[in-house]
Amino acid sequence: MQVNFAKTKIQMKQGVVLIVEDEQRLAEVLKKQFESEGFTIELAYDGYIGKQMIERTQYNLIILDINIPLINGYDLCKEIRKSNHDVPIIMLTALGTPDNKITGFDAGADDYVLKPFEFRELLARVNVFLRRTDTTPKQEKLILADLIMDTSTMTVTRTGKKIDLTAKEYALLKLFLTNKGKILPREHIIEKVWGIDFDPGTNVIDVYVNYLRKKIDKEYTRKLIHTKFGFGFYCNETEI
């Protein structure tokens, strides 16, 4: 069945959450629980309908299952990130292997919650993201030397040359540029970019910093991404 939606994107009030979940009973339970906390909830039971709803509505947060019909959660997340790098996306799924999580984060998810779960934990994570998006100042261009990030078009250039970044690379670079000259500890980076508690054994930050260095610094004599060993990472025109 094809559903026709108006093309005009509707600006909705704070606290409007879309849940894309094909288990209708779970979706209805979540809707009832979130509404009791003061949220406005909309539901989609497959990825196609979810995509159509996202194209016409500006949501404050999206909760996304992976194994959903028509368009799976990974692909839908990638589609969202093509036009919106800012809306928080929480993947809610029974797929809990490290590879599943990495695939989810690479697709652009901000957080990853495993089924079965406690509603109070999910609610707490939702509130963290909504507070963060409320207080983040909007800047259209973030500039460091000859590196420019245009947040209105979600493009990055250096010396005028376009640099293609994944959603997580973009989010990491944006964090560095909004805190240029400041040394960011690993705990801060992983909480802000991945929305999860810091695991001392993970090397995900090192992996993504290396991805950025290859794309941002490799071709240039002046390096902009730096490491302060024992302290963290930072962006600056010179080493601190």
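The values are calculated or read from the model by the stated rules, or taken from the named source; none is laboratory data. Just so we're clear, the structure is a prediction, and the values are computed from it rather than from any experiment. Positions of Cβ are backbone-derived with ideal geometry, glycine not excepted, and every protein chain shown enters the neighbour counts. Only protein heavy atoms, including side chains, enter the accessible area calculation; ligands, DNA and RNA are left aside. Shrake-Rupley method; radii C 1.70, N 1.55, O 1.52, S 1.80 Å.
Quick notes on this one:
- Placing +1 on each Lys and Arg Cβ and -1 on each Asp and Glu Cβ, with no other charges, gives the range 91-186 a dipole about its Cα centre of roughly 300 debye.
- Fraction of accessible area attributable to carbon and sulfur, the chain (%, probe 1.4 Å): 51
- Heavy-atom accessible surface of the chain, averaged per residue, reaches 53 Å², computed with a 1.4 Å probe.
- Each stretch of four or more DSSP H residues adds -39500 (n - 2.57); spread over every residue of the chain, this sum gives -11500 deg cm²/dmol at 222 nm.
- Answer label, with Cα Rg over 2.2 N^0.38 Å calculated from the coordinates and candidates [x] 1.01; [y] 1.05; [z] 0.96: [y]
- Modelled spin-label separation between His188 and Asp86, with each label point placed 7 Å from Cα along the Cα-to-Cβ direction: 2.2 nm.
- Listed pairs Lys182/Lys223; Lys141/Lys228; Lys51/Lys214 exceeding 22 Å between Cα atoms: Lys141/Lys228; Lys51/Lys214
- Estimated distance in nm for a label pair at Leu114 and Arg213, the labels positioned 7 Å out from Cα along Cα-to-Cβ: 3.2
- Taking 0.36 nm per residue of sequence separation and removing the Cα-Cα distance, the Thr40/Glu55 pair yields an extension gain of 3.6 nm.
- Computed lengthening from Lys180 to Lys32, 0.36 nm per intervening residue step minus Cα-Cα distance: 49.0 nm
- Choice from Lys31, Lys228, Lys51 showing the highest fluctuation, given a GNM over the chain with Cα pairs closer than 10 Å: Lys228
- In nm, spacing of pseudo-spin labels at Ile240 and Lys161 (7 Å Cα→C-beta vector): 2.8
- Charge tally around Ala27: other residues with Cβ under 15 Å, Lys/Arg +1 each, Asp/Glu -1 each, net -4.
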